[in-house]
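Here's the structure, in structure tokens; my notes come after.
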Amino acid sequence: MRIALFGGTFDPVHIGHLGAARAAARLLRLDQVLFVPSASPPHKLRHRLTPYEHRFGMVALACGGKGKFVPSLLEAPPSDGQPQYSVLTAQRLKRTLRSGDRLFFLLGADAFLDLPHWKDHDRLLGLADFVVVSRPGFSIRDIRKVIRSGPLRRLKSPAGLKTFRLLRTTLHVIEGMHVEVAAREIRKKVAAGGPVSGLVPPWVEDYIEKEGLYHAG
Ligand code: ATP
């Protein structure tokens, strides 16, 4: 099995996430993409997060009917309330895999540029192949700043994908994605009473409406 771990706050999950997962699944022939909403992300406490149950619920709705997309409880609320570090989640997931399985760590260009600030990022790089998806406003060229040692060699890969062997990981770059959607814009739009159709899957839009999420006041 070829399995990708796709972590985030998913507050809410949107078409940018789904596009990234779809492109990665196709280009890397993934069997599963695990969408892992984080209950207590260490590096994203800038806004008050919507309760985990709602974020997970929306992810479950977005994954519905899409065979390869799996809503995962790997980062459900921890009993000790400690921040959930990706390195520990990847380690836990890896222990459940069978020999011959391959783990991919999927993230957008913005998140990858932040990687040097993540706990034990060098160790994390060694646990999975990395898949970086382009995102408007973030230069894929800047990823060289994160990979200090530079690529060791370019590997053969299908059109739409650039693959490099690095010191600690294999890095796959998907440059063709330009989905100009961010969760914070969706939250703002809902608060202003605007429509979000087309930005989130219809069932997620419905859920936001029914639960009264992101409304001002
Ligand atoms: P916020 O606006 O609240 O910061 P977000 O839209 O960036 O949220 P996250 O849940 O933080 O969403 O993102 C989870 C993962 O999905 C990250 O790796 C992020 O880089 C990636 N991602 C989010 N939006 C896009 C997009 N439009 N294109 C490509 N990748 C994306």
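None of the figures in this text is laboratory data; all of them are computed from the coordinates on show. Because the structure is predicted, anything quoted here is derived from the model rather than measured. Every residue, glycine among them, receives a Cβ derived from its backbone with ideal geometry; neighbour counts consider all protein chains shown.
Simple rule: put +1 on each Lys or Arg Cβ and -1 on each Asp or Glu Cβ in region 2-180, find the dipole, and look at PRO71, TYR85, HIS178; the Cα lying farthest toward the positive end is HIS178. Translational diffusion of region 11-79 was estimated from the Stokes-Einstein equation, with Rh taken as the Kirkwood radius over Cα pairs; at 4 °C and 1.567 mPa s the coefficient is 101 µm²/s. Here's the picture: charge each Lys and Arg Cβ at +1 and each Asp and Glu Cβ at -1 in the chain, and of ALA109, ALA60, SER99 the one pushed furthest to the positive end of that dipole is SER99. Over the residues of the chain, the helix contribution to mean residue ellipticity at 222 nm works out to -9000 deg cm²/dmol, using -39500 (n - 2.57) for each DSSP H run of at least 4. Judged by the gyration tensor of its Cα atoms, with axes a ≥ b ≥ c, region 2-180 is rounded; a/c sits under the 1.5 cut. Annotated for the chain: lysine pairs at least 8 residues apart or interchain, Cα distance under 20 Å, count 8.
About the centre of its Cα atoms, the chain shows a dipole size close to 1020 debye [charges on the beta carbon of Lys, Arg (+1) and Asp, Glu (-1) only; nearest 20 debye].
Across region 117-125, coupling constants 3J(HN,Hα) worked out from phi with the 6.51/-1.76/1.60 Karplus curve, θ = phi - 60°, read 8, 7, 4, 6, 5, 5, 5, 4, 4 Hz, and Gly and Pro carry x.
Which order do the peptides 4-17, 189-202 take when ranked by the mean count of other beta-carbon atoms within 10 Å per residue, highest first?
Values: 4-17: 23.9, 189-202: 14.7.
Final packing ranking: 4-17, 189-202.
Close amide-amide hydrogen proximity is noted between ALA4 and GLN32, VAL33, LEU34, PHE104, each under 5 Å apart and 5 or more residues distant or on a separate chain (H modeled in the peptide plane; Pro and chain starts excluded).
The relative contact order of region 2-180 comes to 22 percent, based on Cα pairs under 8 Å that sit 6 or more residues apart.
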